[in-house]
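Notes to accompany the following structure.
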Amino acid sequence: MFRSISAVMAVLSVSFVTAFAQGGAKPTDPQIAHIAYTAGQIDIEAGKQAIKMSKNKEVIAFAENMVKDHTAVNKLALDLCKKLGVTPEDNDTSKSLSKAAAAKQAELAKLTGAAFDKAYMDNEVAYHKTVNGALDTLLIPSSSNAELKALLQQGLTIFKGHQQHAEHTASMIK
Amino acid sequence: MFRNRIVLAALLLAGTLASSVSAVAPAKVYQIVIDRVAFEDAPTGIKVGDTIEWFNKDIVDHTSTAKNGAWDVTIPKQKKVRVVLTKAGVIDYYCRFHPNMTSQIVIKK
């Protein structure tokens, strides 16, 4: 189980870096907006799945908070794009994120009870770690619009909180 | 006569109560703003009986959760929530949703 999560995360980390490392290309603002929005949507869907499948109070509370926070941040992101006249642009990183998320969702769907809770929470820890790392080292430094950069920075602080919350909740599952 | 005495006693009692209340500093309300995923530093001089009002100016909901269990309230985004402080002490508190948000309130007797 742990190995498969690591494998997915390794693929994710690599896709974040390699997709833009070739030729020193930096993601553009429309691409950054798309990646950040997609990453948020993925966690919203994962949260909805957990709310439906879990019976653990702490896990459900965590999942509900993920749905709420990422929905709020994504709404602001969309509003900002509209204001700036930026159309989010699909790209290889967004595509590989979605692909990995679909695989993870299918994998989690086969689990129940504490096994589901543990796999979901472990994935939330790893996922937030990966996405936060990408925000910190690639997406925020690459964004050129000041308002987009500021929103991503605020998002990163919130998501770092999610990572700690996830680590705490994961540690409580036996 | 008897009635007058009761009135007088009541007046005296009221006077005593009023003076004893005025001798104690009136309870205050202190506001702590939450902005950009951080608690503003608590003001100094907070005493038992005072009220803290957290004003969440952020884009997401937060909680104020005392580590010693003294209080645990959710402060929805763009809302204010009040807590009356009932015990003295140095209280560390955090946000349950974002545990990277931590702060401290010093409550004196």
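What follows is calculated from the coordinates using simple rules that are stated; it is not laboratory data. Predicted model, so just to flag it, every value in this text is computed and none were measured. Backbone-built Cβ (ideal geometry, glycine too); neighbour counts: all protein chains shown.
Among the conditions (1) closer than 16 Å to A:V125 by Cα; (2) in contact with a Gly (Cβ under 9 Å, 6 or more places away or on another chain), A:I42 misses just one, which is (2). Against the test of being surrounded by fewer than 17 Cβ atoms within 10 Å (Cβ to Cβ) and in contact with a Gly (Cβ under 9 Å, 6 or more places away or on another chain), the options B:T74, B:T86, B:T102 yield a single qualifying residue, B:T86. Considering the stretch B:63-84, and only residues there that are over 19 Å from A:K68 (Cα atoms) and in a loop (DSSP other than H, G, I, E, B), the residue that is nearest to the other protein chains (Cβ to nearest Cβ) turns out to be B:K67. Scanning the stretch A:133-148 for residues that are surrounded by fewer than 20 Cβ atoms within 10 Å (Cβ to Cβ) and either in contact (Cβ under 8 Å) with a residue 24 or more places away in the chain or among the basic types (K, R) (or both) yields A:G133, A:S142, A:S144, A:N145, A:E147.
Flag not set for B:V73, criterion: touching a Ser or Thr at 6+ places or on another chain (Cβ under 7 Å) and over 27 Å from A:V59 (Cα atoms). Going through the stretch A:83-107 one residue at a time, which ones are part of a loop (DSSP other than H, G, I, E, B) and of a type in the set (A, V, I, L, M, F, W, C)? Passing the criteria: only A:V86. Only a single item in (1) closer than 28 Å to B:H62 by Cβ; (2) in contact (Cβ under 8 Å) with a residue 40 or more places away in the chain is not met by A:A103, and it is number (1). Between A:L111, A:L156, A:L151, A:L138, the distinction of being assigned to a helix (DSSP H, G or I) and away from chain B (no Cβ under 14 Å) belongs to A:L138 only.
When residues in the stretch B:25-62 are screened for being over 23 Å from B:K87 (Cβ atoms), charged (D, E, K, R) and in contact (Cβ under 8 Å) with a residue 24 or more places away in the chain, 3 of them pass. Would you call B:K80 over 25 Å from A:F159 (Cα atoms) and not acidic (D, E)? No; evaluated as a whole, the condition is false for this residue. Against the condition buried (at least 16 other Cβ atoms within 10 Å of the Cβ) and away from every other protein chain (no Cβ under 14 Å), how does A:N123 come out, does it pass? Here the answer is yes, as A:N123 does meet what is asked. Taken over the stretch A:116-133, the criterion of being among the hydrophobic types (A, V, I, L, M, F, W, C) and more than 15 Å from A:I158 (Cβ to Cβ) is satisfied by A:F116, A:A119, A:M121, A:V125, A:A126.
Of the residues contained in the stretch A:89-107, one or more are found to be small (G, A, S) and out of contact with any helix residue (DSSP H, G or I) (no Cβ under 8 Å at 6 or more places or on another chain).
Being touching a helix residue (DSSP H, G or I) at 6+ places or on another chain (Cβ under 7 Å), more than 13 Å from chain B (Cβ to nearest Cβ) and without any contact (Cβ under 8 Å) to a residue 40 or more places away in the chain is the filter here, so list the residues in the stretch A:48-88 that pass it. Those that are touching a helix residue (DSSP H, G or I) at 6+ places or on another chain (Cβ under 7 Å), more than 13 Å from chain B (Cβ to nearest Cβ) and without any contact (Cβ under 8 Å) to a residue 40 or more places away in the chain: A:K48, A:I51, A:I60. The set of residues from the stretch B:85-109 being aliphatic (A, V, I, L, M), without any contact (Cβ under 8 Å) to a residue 40 or more places away in the chain and outside any loop (DSSP other than H, G, I, E, B) comprises B:V90, B:I91.
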